[in-house]
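The values are calculated or read from the model by the stated rules, or taken from the named source; none is laboratory data. Owing to the predicted nature of the structure, the values given are computational and were not obtained by experimental measurement. Cβ placement follows ideal geometry from the backbone for every residue including glycine, while neighbour counts extend to all protein chains displayed.
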Number of protein chains: 2
Amino acid sequence: MTDLDADDPLAHLRDHFVGTDSDLVYLDGNSLGRPLRVTGERLRAFVEQEWGGRLIRGWDESWFLMPEVVGDEIGRVCLGAAPGQTVVGDSTTVLLYKAMRAAVALRPGRTEIVVDRDNFPTDRYVADGVARECGLTLRWIDVDTSAGVTAELLAEAVGEQTALVVLSHVAYRSAWLADVPALTQLAHDAGAVVLWDLSHSVGSVPMALDAWDVDLAVGCTYKYLNGGPGAPAFVYVAERLLDEVTQPVQGWMGATDPFLMGPTYAPAGGVRRMLSGTPPVVGMLGLQDMLALIDEVGMDAVRAKSVALTEHAIATSADLLPDTTLASPRDAERRGGHVTINHPLMREATAELWRRDVIPDYRDPHGLRLGLSPLSTSFAEVTRGLETVREVLDGLTP
Amino acid sequence: MTDLDADDPLAHLRDHFVGTDSDLVYLDGNSLGRPLRVTGERLRAFVEQEWGGRLIRGWDESWFLMPEVVGDEIGRVCLGAAPGQTVVGDSTTVLLYKAMRAAVALRPGRTEIVVDRDNFPTDRYVADGVARECGLTLRWIDVDTSAGVTAELLAEAVGEQTALVVLSHVAYRSAWLADVPALTQLAHDAGAVVLWDLSHSVGSVPMALDAWDVDLAVGCTYKYLNGGPGAPAFVYVAERLLDEVTQPVQGWMGATDPFLMGPTYAPAGGVRRMLSGTPPVVGMLGLQDMLALIDEVGMDAVRAKSVALTEHAIATSADLLPDTTLASPRDAERRGGHVTINHPLMREATAELWRRDVIPDYRDPHGLRLGLSPLSTSFAEVTRGLETVREVLDGLTP
């Protein structure tokens with residue numbers, strides 16, 4: 001352990017995660033978080049006791065309400081959202097689709113969806129599809145891939161033609177941390193609805209969706225919420241919109257009384273109307289362990305550790321890797337939980353790093369993305385990772 | 001064990017399932033199948049070894065292809081479908097939505113979706129939503145709730161205005177087993193696309209989707225495929241349609257090269273284009289155990305046991321419950337894997353049966369639905385369940 005680990009009040013939590021006793025340097029917890037040690041046993045016990053023991057009775061006893069119960073927990077622990085506005089279900093992509101369709105339906109007659117060119121591919125692809133099928137056009141915001149969407153850039157793009165603005169809280173490449181309340185206010189001033197993608201921030205950056213007057217948000221649970229590969233996403237709908245919001249995938253779980261199985265669809269009251277099919281119960285188990293741990297620590301402490309880790313990565317890179325450039329904001333207040341450093345040989349370097357059991361991610365153009373999951377990453381791990389980057393780059397540039 | 005169990009060549013397989021050594025009489029395996037005993041440990045091991053050990057590398061090593069690999073297995077073992085036409089992902093409802101949108105887009109200019117009034121609620125609700133947003137109208141087939149859609153009924157409904165016909169292979173209430181090749185041919189003669197919902201048949205009734213010239217099909221994996229509560233569904237698209245089929249939820253996992261993360265969406269070649277978001281890997285684990293078991297036995301043997309179980313339920317009901325009426329086809333060739341018996345007091349009876357650890361399901365109007373999952377249900381269990389129904393009905397009708 002370096003001194004930083006000795007001084008870290010959360011250092012002991014690293015032991016709660018599977019595999020942290022190995023030599024692997026894992027710098028991709030923002031793509032797929034490590035499982036907690038309790039999670040494997042939780043899943044086994046669920047199969048044998050709840051699924052196997054309660055069988056169909058489990059639906060009435062607890063599973064039926066899980067989308068809301070787990071959604072409210074995410075809201076309370078991570079989002080700054082009062083109960084009744086968040087549900088879990090479907091993939092991030094499907095929820096983005098439903099939320100974008102909902103937003104566009106809230107602004108009939110408006111003709112544009114605003115999205116930035118550096119938004120995550122799925123956000124852009126879904127927006128493109130929704131625009132096409134609803135007869136709208138996309139207005140692109142051009143952003144520097146090492147930064148993100150500023151108020152100035154957004155102000156140029158929105159106007160009375162804007163139905164929807166689609167933005168990411170933390171940019172997946174640069175880690176640019178958007179100013180959610182300011183950008184939301186700007187879009188509202190133009191009469192537009194805003195959809196925030198929280199995938200790269202939830203569980204790492206504290207938020208206050210209710211206080212920030214957010215309309216709609218969608219987030220992923222397998223990154224900083226450690227829900228496991230392909231764990232279901234969540235959607236937040238502000239209470240003030242719950243009565244008017246509609247979405248096109250009309251399924252039995254989003255209907256008023258699913259077990260009435262009536263002749264016609266009537267959307268459920270509240271945020272359940274964002275649901276469609278049977279809730280992915282098994283997929284919702286893992287993330288509950290991480291929510292409990294974050295709740296114990298508090299999001300402010302998580303963020304403090306996250307900032308310390310990214311500061312350490314930036315300082316160590318400046319020291320060991322002067323031939324790289326920082327592609328993330330230098331100001332911690334504008335930076336999420338990861339750091340991207342650029343070098344022309346980073347694609348090749350990433351392949352070699354993986355061979356040496358150092359696991360960052362690579363993102364075009366030539367970015368090494370260091371995802372520093374706050375509770376499972378140590379400062380020593382970051383140092384060791386960057387020392388290996390130095391060795392690998394030296395080997396590639398003789 | 002009754003003689004029927006002694007004579008059952010598959011009787012020993014019941015021991016492979018969690019909870020079959022208890023006194024519970026479980027007659028709802030068509031709503032939620034029992035877990036296999038190996039499944040709990042499979043999930044625990046996955047968390048600790050694959051997710052926890054391989055971390056993000058798991059995507060390249062195997063998870064990325066799981067939707068196709070598991071889809072092809074379902075196709076081979078259960079559907080009579082050659083590889084490359086089936087993928088797993090999303091809920092049944094979301095896949096029904098995508099498949100209906102795909103079908104409607106294949107028949108521009110046509111104005112109607114044909115669906116039967118007794119189809120499962122989600123099928124009807126999704127069809128209603130798709131019709132509304134695409135400017136089509138629904139044409140309803142009226143069916144007897146104790147039967148299903150016949151060729152005569154379908155012939156009256158389809159015509160040159162029909163874009164899409166939505167049908168269930170096995171009706172969720174009556175267990176009516178539709179004649180898939182005949183009805184498909186009828187719809188094709190009218191120039192329509194047919195979407196088959198296989199939720200209540202897959203894993204219990206053998207099928208030959210390729211030979212039957214089926215266009216599109218969607219099915220559920222938590223019923224007879226024992227995937228666990230909310231396990232993801234699958235979609236089948238006939239090879240001849242793969243180049244033209246499109247769906248509106250444009251996500252990164254359905255794009256040509258997900259990790260290229262390019263500026264614009266281009267659908268993947270093949271059936272992957274039906275995918276949208278990150279595959280629900282944890283949710284796909286359980287069903288693989290059941291697929292392996294069905295593969296070992298073969299769908300014909302599964303069906304033989306299923307028919308024997310439903311025949312036994314009908315004969316025992318006729319014997320013990322002459323005051324009930326059969327709401328399922330008497331002819332085994334027209335019947336799926338469950339049996340519904342009606343009595344005016346069945347709603348009250350079901351509540352009392354649950355209190356006595358006999359777990360069937362109730363479906364309006366006054367139907368007791370006995371779901372007889374072929375490999376986990378014994379003949380003695382059916383007898384004991386129906387004896388309890390007799391006692392309960394006697395208690396309710398003094």
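Data table
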read-out: Criterion (of a type in the set (A, V, I, L, M, F, W, C) and over 30 Å from residue B:254 (Cα atoms)) met by exactly one of B:95, B:36, B:32; value: B:36
read-out: Verdict on residue A:266 being crowded, with 24+ Cβ neighbours inside 10 Å and not basic (Lys, Arg); value: no
read-out: Options A:124, A:117: the member that is buried (at least 24 other Cβ atoms within 10 Å of the Cβ) and either more than 13 Å from chain B (Cβ to nearest Cβ) or among the charged types (D, E, K, R) (or both); value: A:124
read-out: Candidates A:106, A:96 - the one that is buried (at least 17 other Cβ atoms within 10 Å of the Cβ) and under 21 Å from the mean Cα position of the chain (by Cα); value: A:96
read-out: Filter result (assigned to a strand (DSSP E or B) and in contact with an Asp or Glu (Cβ under 6 Å, 6 or more places away or on another chain)) within the stretch A:175-192; value: none
read-out: Listing of helices (runs of 4 or more DSSP H) fully contained in the stretch A:19-105 that carry 1 or more residues being at pLDDT below 95; value: A:57-61
read-out: Residues of the stretch A:142-157 satisfying the condition of being of a type in the set (A, V, I, L, M, F, W, C) and either assigned to a helix (DSSP H, G or I) or surrounded by fewer than 20 Cβ atoms within 10 Å (Cβ to Cβ) (or both); value: A:143, A:147, A:151, A:153, A:154, A:155, A:157
read-out: Residues being more than 14 Å from residue B:95 (Cβ to Cβ) and outside any helix (DSSP H, G or I) - total across the stretch B:117-132; value: 3
read-out: Unique residue being modelled with pLDDT under 95 and either surrounded by fewer than 17 Cβ atoms within 10 Å (Cβ to Cβ) or in the same structural domain as residue B:221 (by TED's automatic domain parsing) (or both) when the list is B:139, B:173; value: B:173
read-out: Extreme residue, nearest to the chain's Cα centre (by Cα), among residues of the stretch A:47-72 that are within 10 Å of chain B (Cβ to nearest Cβ) and aliphatic (A, V, I, L, M); value: A:66
read-out: Conditions (1) over 22 Å from residue B:96 (Cβ atoms); (2) within 14 Å of chain B (Cβ to nearest Cβ): number failed by residue A:296; value: (2)
read-out: Qualifying residue in the stretch A:76-86 (condition: at the interface with chain B (Cβ under 9 Å from one of its Cβ atoms) and in contact with a helix residue (DSSP H, G or I) (Cβ under 6 Å, 6 or more places away or on another chain)); value: no
read-out: Top-ranked residue of the stretch A:7-41 - restricted to ones that are closer than 18 Å to residue A:303 by Cα and free of Cβ contacts under 8 Å to residues at least 12 places away in the same chain, ranked as farthest from the other protein chains (Cβ to nearest Cβ); value: A:7
read-out: Sole residue being closer than 19 Å to residue A:19 by Cα and small (Gly, Ala, Ser), chosen from B:52, B:71, B:33; value: B:52
read-out: Pair list, Cβ under 8 Å, 6 or more apart: the stretch B:374-398 residue within 13 Å of residue B:305 (Cα to Cα), other residue small (Gly, Ala, Ser) and assigned to a loop (DSSP other than H, G, I, E, B); value: B:374/B:204; B:374/B:337; B:376/B:29; B:376/B:33; B:377/B:29
read-out: Number of the condition not met by residue A:172 [criteria: (1) under 22 Å from the mean Cα position of the chain (by Cα); (2) within 23 Å of residue B:249 (Cβ to Cβ); (3) outside any loop (DSSP other than H, G, I, E, B)]; value: (3)
read-out: Residue among B:139, B:101 that alone is of a type in the set (Lys, Arg) and away from chain A (no Cβ under 12 Å); value: B:139
read-out: Some residue of the stretch B:142-152 being within 14 Å of chain A (Cβ to nearest Cβ) and within 21 Å of the chain's Cα centre (by Cα); value: yes
read-out: Selected residue [buried (at least 24 other Cβ atoms within 10 Å of the Cβ) and of a type in the set (Asp, Glu)] from A:72, A:90; value: A:90
read-out: Matching option when the condition is polar (S, T, N, Q) and over 27 Å from residue B:36 (Cβ atoms), among B:325, B:310; value: B:325
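Per-residue answers, yes or no, for (1) surrounded by fewer than 18 Cβ atoms within 10 Å (Cβ to Cβ); (2) of a type in the set (A, V, I, L, M, F, W, C):
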{"site": "B:331", "(1), (2)": "yes, no"}
{"site": "B:348", "(1), (2)": "yes, no"}
{"site": "B:368", "(1), (2)": "no, yes"}
{"site": "B:376", "(1), (2)": "no, no"}
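So that you can scan it fast, the table gives a plain yes or no per residue for (1) over 20 Å from the mean Cα position of the chain (by Cα); (2) over 25 Å from residue B:23 (Cβ atoms); (3) acidic (Asp, Glu):
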position	(1), (2), (3)
B:291	no, yes, no
B:315	yes, no, no
B:320	yes, no, no
B:369	no, no, no
B:375	no, no, no
B:388	yes, no, no
B:391	yes, no, yes
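Residue-wise test of (1) under 30 Å from residue B:54 (Cα atoms); (2) in contact with a strand residue (DSSP E or B) (Cβ under 9 Å, 6 or more places away or on another chain).
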| position | (1), (2) |
| --- | --- |
| A:217 | no, yes |
| A:225 | yes, yes |
| A:236 | no, yes |
| A:240 | no, no |
| A:250 | no, yes |
| A:255 | no, yes |
| A:262 | no, yes |
| A:267 | no, yes |
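Matching residues to (1) more than 12 Å from every other protein chain (Cβ to nearest Cβ); (2) farther than 27 Å from residue A:100 by Cα:
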residue	(1), (2)
B:209	yes, yes
B:224	yes, yes
B:245	yes, no
B:271	yes, no
B:276	no, no
B:284	no, yes
